[in-house]
Amino acid sequence: MNGTRMSLSDRSVPRPLDPPGSLPRSLDNAPDGILASRAADGDPRAFEVLVRRHGPLMRAYATRMMGGTSESDDIVQESFIVAWEQLPTLKDGNSVRAWLMRIASRKAIDRIRLRKNDEPLHDWDAEAPTSQSPAHRVEVASQRERLTQALAGLTPTQRQSWLLREVGGHSYEEIGEQLSIPPSTVRGLLARARRKLVEEMEGWR
């Protein structure tokens, strides 16, 4: 995975990832459940496929959570190290993607909590396709900047809840577990965050 400094050799210290073409086709195309089962049994090559398959989404998610790319690679690397160590505890291998995303979410939230100052989000959305007209790209960039400002205006907990729900697709219960708050509080935070964002983005509706 690009930007991820993984090493996979045994259960405690994974060894370097091989180029995608070096992986057996049977593993490269295997379902998540089979890969997770083999990786849980100590197969590093199966784990490498999981890294390549789900790493880009985890990195994109971490980038949005942190408001930039400076810490996203570290979050993804730390998440995969935890996953390698804890895979034997995963009961349903078919849910490995959601499980990996939860680990990445916890890692990102831990880093946010350690920040002394609340930093604004940057580059939250994807770049507009180059095939679009210059005028449209300017409009999209302006809208993205407005959303960035609107998200930065939320409280840290509101923003974390909104990102976990809207970007990560987590349930109220999962968000509450990660933020150590009741699901009812999550609902209230999301309601206030959405109301604030609608007000701030009114001119773009």
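The values are calculated or read from the model by the stated rules, or taken from the named source; none is laboratory data. Note that the coordinates shown come from a computational prediction; the quantities given were computed from them, not determined experimentally. Methodologically, a virtual Cβ is constructed for each residue, glycine included, from the backbone with ideal geometry; neighbour enumeration extends over all protein chains shown. Note: areas computed on protein heavy atoms with side chains; ligands, DNA, RNA excluded. Shrake-Rupley method; radii C 1.70, N 1.55, O 1.52, S 1.80 Å.
A few remarks follow.
Yes/no per residue for (1) open to solvent by less than 80 Å² (accessible area, probe 1.4 Å); (2) at pLDDT 85 or above:
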| position | (1), (2) |
| --- | --- |
| 123 | no, no |
| 126 | yes, no |
| 129 | yes, no |
| 145 | no, no |
| 163 | yes, no |
| 166 | no, no |
| 179 | yes, no |
| 190 | yes, yes |
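- Looking only at region 147-161, and only at residues there that are surrounded by fewer than 18 Cβ atoms within 10 Å (Cβ to Cβ) and assigned to a loop (DSSP other than H, G, I, E, B), the one that is modelled with the lowest pLDDT: 153
- Against the criterion of being modelled with pLDDT of 90 or more, closer than 17 Å to residue 27 by Cα, open to solvent by 30 Å² or more (accessible area, probe 1.4 Å) and assigned to a helix (DSSP H, G or I), residue 97 does not qualify.
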